[in-house]
Amino acid sequence: MEQIKTIIDNTSDMPFSVTSGDDGLTLEMIKAGGTGVISVAANIAPKRTSDVTHLALEKKFDEAEAIDEKLRGLYNALFLETNPSPAHYALRRIGIPAGTPRLPLVDVTDSTKRAMDEVLQNLNLI
């Protein structure tokens, strides 16, 4: 985050924006002056992910943090194995026919399936 803050500070007078590539850092990056996120979690929970980003950009940090905290488990579960395999599994579980990743990637392990199912249940997505 320190490096990101330095980049944001050093480019604040330029037509340049910094977006998060890590869902778990989005809120902190926006607080530091970032402008958004390229999100994996938004594929699974688009409204909530969008709400976190928009609320943070509106400086409604308490509201954004409350939603972000609920999404923490999803952020973590999406990277239990090599991306995008967990996202493919999660999409299938919520009813989006994403199929399995193409080789050389493979579907997630049973332990990741169980962890993802728990996260999706906690978010009332399945």
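What follows is calculated from the coordinates using simple rules that are stated; it is not laboratory data. Keep in mind that this is a model prediction, so the values were computed, not measured. Quick reminder, even Gly has a Cβ in these numbers, built from the backbone with ideal geometry, and neighbours come from all protein chains shown.
Compared with the dominant Cα axis of the chain, that is its longest principal axis, helix 61-77 is turned about 40°.
Seen from Thr100, the other residues with C-beta closer than 13 Å to its C-beta sum to a net charge of +2, counting Lys and Arg as +1 and Asp and Glu as -1.
Taking the stretch 2-122 as the region of interest, the number of lysine pairs whose Cα atoms are within less than 14 Å, with members eight or more places apart or on different chains, is 4. Round to the nearest 0.05 the FRET efficiency obtained for Glu2 and Ile94 when R0 = 35 Å and r is the Cβ-Cβ distance. E between Glu2 and Ile94, to the nearest 0.05, is 0.45.
Take Glu63 and Leu123, extend 7 Å from each Cα along the Cα→Cβ direction, and tell me the distance between the two endpoints in nm. Label at Glu63, label at Leu123, 2.1 nm between them. The share of Cα pairs per 5 Å bin across the stretch 38-126, counted from zero up to the longest distance, runs 3, 15, 25, 24, 15, 9, 6, 2, 0 percent. Put the Cα centre of the stretch 76-126 next to the Cα centre of the stretch 34-61 and the gap is 20 Å.
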